[in-house]
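The structure appears below as structure tokens.
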Amino acid sequence: MITSSLSNDERSRLLRAARDAVKRAYAPYSKFRVGAAVLTVRGSLFSGCNVENASYSLTICAERTAIFSAVAQEGGENMRIRALAVVSENSSACAPCGACRQVIFEFGPDAIVIFQGPDGLEEMRASELLPKGFKSQR
Ligand code: THU
């Protein structure tokens, strides 16, 4: 199922939620604060921020925090991503990392992903961001 394109209202709701979530980031080590928001196919909005740890590798990105919150609150088997936005503080470029691309792909290969590129906001489908993403055979 290819998701229909985003309305201006959906885009601004997503970006507002992601920008709001940046304020709650816990990034004392990198000082790189990130916020994300997920719009589900059912129409609910969930946000998340990056959460770092003194044991650095335990850090989780804003995108996965938002997606896992959506799963926890909407139901793992049913939650499908219609669109996701990710923003960093100070509008520096922040495309989703490879791990987050795979997690976005799991819940919405057709999802529209909005992120800050080097020259401003960009929009791409999850399957464009992660060509040939892994799909379980089970
Ligand atoms: N980070 C995210 O939250 N999302 C991304 O797409 C890229 C990186 C976070 C992880 C870490 O807390 C900080 O940014 C620096 O890498």
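The values are calculated or read from the model by the stated rules, or taken from the named source; none is laboratory data. Since we're looking at a predicted model, the values are computed, not measured. Because the Cβ atoms are built from the backbone with ideal geometry, glycine has one as well, and the counts that use them run over all protein chains shown. Ligands, DNA and RNA are excluded from the accessible area calculation, which covers all protein heavy atoms including side chains. Shrake-Rupley method; radii C 1.70, N 1.55, O 1.52, S 1.80 Å.
Some points to look at:
- For the stretch 52-80, a residue qualifies if it is under 14 Å from VAL103 (Cβ atoms) and either charged (D, E, K, R) or within 9 Å of the ligand (Cβ to nearest atom) (or both), and the qualifying residues are ILE60, CYS61, ALA62, GLU63, ARG64, THR65, ARG80.
- One residue from LYS132, LYS31 being open to solvent by 40 Å² or more (accessible area, probe 1.4 Å), under 19 Å from ILE2 (Cα atoms) and in a loop (DSSP other than H, G, I, E, B): LYS132
- Residue pairs meeting the criteria (Cβ under 7 Å; at least 6 apart or on separate chains; first more than 25 Å from ALA126 (Cβ to Cβ) and outside any loop (DSSP other than H, G, I, E, B), in the stretch 48-64; second open to solvent by 20 Å² or more (accessible area, probe 1.4 Å) and more than 6 Å from the ligand (Cβ to nearest atom)): TYR56/TYR29
- For the stretch 50-97, the set of residues classified as touching an Asp or Glu at 6+ places or on another chain (Cβ under 9 Å), crowded, with 20+ Cβ neighbours inside 10 Å and of a type in the set (Gly, Ala, Ser) consists of ALA83 only.
- Condition check for SER44: out of contact with any Cys (no Cβ under 7 Å at 6 or more places or on another chain), more than 9 Å from the ligand (Cβ to nearest atom) and among the polar types (S, T, N, Q): yes
- Selection from the stretch 34-47 of residues that are assigned to a loop (DSSP other than H, G, I, E, B) and either of a type outside the set (Lys, Arg) or within 17 Å of GLN102 (Cβ to Cβ) (or both): VAL41, GLY43, SER44
- Of everything listed in (1) of a type in the set (A, V, I, L, M, F, W, C); (2) away from the ligand (no atom under 16 Å from the Cβ); (3) closer than 17 Å to LEU39 by Cα, the single unmet condition for ALA83 is (2).
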